[in-house]
1. If packing is taken as the average number of other Cβ atoms within 10 Å across a peptide's residues, how do 348-355, 365-372, 296-303 rank, most packed first?
2. With θ set to phi - 60°, apply the Karplus curve 6.51 cos²θ - 1.76 cosθ + 1.60 along the range 308-322 and write out the HN-Hα couplings as whole Hz, x wherever there is a Gly or Pro.
3. What does the charge add up to near Q217, with Lys and Arg as +1, Asp and Glu as -1, over the other residues with Cβ less than 14 Å from its Cβ?
4. Going highest first, how would you order 79-87, 269-277 by mean Cβ packing within 10 Å?
5. What is the Cα convex hull volume of the range 244-322 when expressed per residue in Å³?
6. Express the carbon and sulfur contribution to the solvent-accessible surface of the range 237-391 as a percent, rounded to the nearest whole number, probe 1.4 angstrom.
7. Apply the Karplus curve 6.51 cos²θ - 1.76 cosθ + 1.60, θ = phi - 60°, to the phi angles in the range 106-119 and return the couplings in whole Hz, x for Gly and Pro.
8. Kirkwood hydrodynamic radius, computed over distinct alpha-carbon pairs, for the range 231-365: how many Å, to one decimal?
Amino acid sequence: MGERPRAQPAAPPAAAAATAAASSGSLLNGLLHNGFHPPPQEPPVPGHGSPAKKCRLRRRLDSGRRNRPPFPWFGMDIGGTLVKLVYFEPKDITAEEEQEEVENLKSIRKYLTSNTAYGKTGIRDVHLELKNLTMCGRKGNLHFIRFPTCAMHRFIQMGSEKNFSSLHTTLCATGGGAYKFEENFRTIADLQLHKLDELDCLIQGLLYVDSVGFNGQPECYYFENPTAPEQCQKKPYCLDNPYPMLLVNIGSGVSILAVYSKDNYKRVTGTSLGGGTFLGLCCLLTGCETFEEALEMAAKGDSTNVDKLVKDIYGGDYERFGLQGSAVASSFGHMMSKEKRDSITKEDLARATLVTITNNIGSIARMCALNEGYFGAVGALLELLKMTEDQ
């Protein structure tokens, strides 16, 4: 949110994951798990030629269609705080398809694409929409929708009321909620969940979104010279050959993964202080009730009214260790003073909560990045010791 990072040597450039990577991974992974693969390029059916040739071409077209799942195409990531949903809206619908399309499918597509808000808490992130994508041989737009997990029961009930099961019998989903709400989907909406591993989906989604880019622009980026505001620049980062990489997945809590290939990764560590912590503390401290409200408050606040900085202790920079005076020395450190407590706003508290959580995640990730590079050397040492023992 514009805070100057804690003064420290810049870590090697790291890619910032796309917001809805896990959800798009669920969509892509779900198609593959269900046996659907991109069909070969569909040849045009000429207006002339032998009947046998026309028949062969028509069979190839029909075969390609059978290799795709029926619309609508969804992927869901049901987290502990937010539910993320991606919806592929086909833009190449033929007149024949338009005529054959059932009313349920038309109403769902119109409802999802015509609105940017659903009820009191559902949001479609229009600024994230990916346009003119080709998925499974179909061209369309990818929409990103989110709502609080506490509204999950209302979402399932809506699926039942819109008779979603008449269009789909299986819905691809990842995240802990795919297990928690599986029975509700089955009994209330008559839908079977195809559960996918959330970390597999996360990596698949990240690599896919990076491969297609953000409407022609790179999705991932890093900050060059992050500790020098005058020289700090946002730079695009290409994931053509990203391995090994450290992937920090911020959800309700945080998981940090060491990724060696798209199929080879391990969870290195994590922290329970994540997005759920930010929202929970904001609700307690400010009285807000939604994630959007908390972020709006944080955008307007000044965390330096709440946090104690290095300059509040030293009167300036702590030069011996390269700590700038603007670095946070103690999160919420000013709150021990009644005078300070009486002068702050709810927006200041929201901003300080956000800075506290993100600083903590950044520090843990940096420690992992610095230590990770030595794993191979440690393995080599262990192998040496093993050889000595064998002799």
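The values are calculated or read from the model by the stated rules, or taken from the named source; none is laboratory data. No experiment lies behind these values; they were computed from the predicted model shown. Using ideal geometry, Cβ is built from the backbone for each residue, glycine included, and neighbour counts are taken over all protein chains shown. Ligands, DNA and RNA are stripped out before the accessible areas are found, and what is left, the full protein with its side chains, is counted by its heavy atoms. Shrake-Rupley method; radii C 1.70, N 1.55, O 1.52, S 1.80 Å.
1. Answer by packing, highest mean first, reads 348-355, 296-303, 365-372.
2. 8, 9, 4, 5, 6, 9, 9, x, x, 6, 9, 5, 4, 10, x
3. On the way: positive: K131, K234, K235; negative: E129, D210, E219.
Local charge sum for Q217: 0.
4. Result, highest mean Cβ count within 10 Å first: 79-87, 269-277.
5. Numbers: hull volume 12.4 nm³, N = 79.
Here the figure is 157 Å³ per residue.
6. About 54 percent, which is the carbon plus sulfur part of the accessible surface.
7. My calculation for the range 106-119 gives 4, 5, 5, 5, 5, 5, 6, 8, 8, 10, 10, 9, 10, x Hz in order.
8. Averaging 1/r across every pair of different Cα atoms and inverting gives 16.9 Å.
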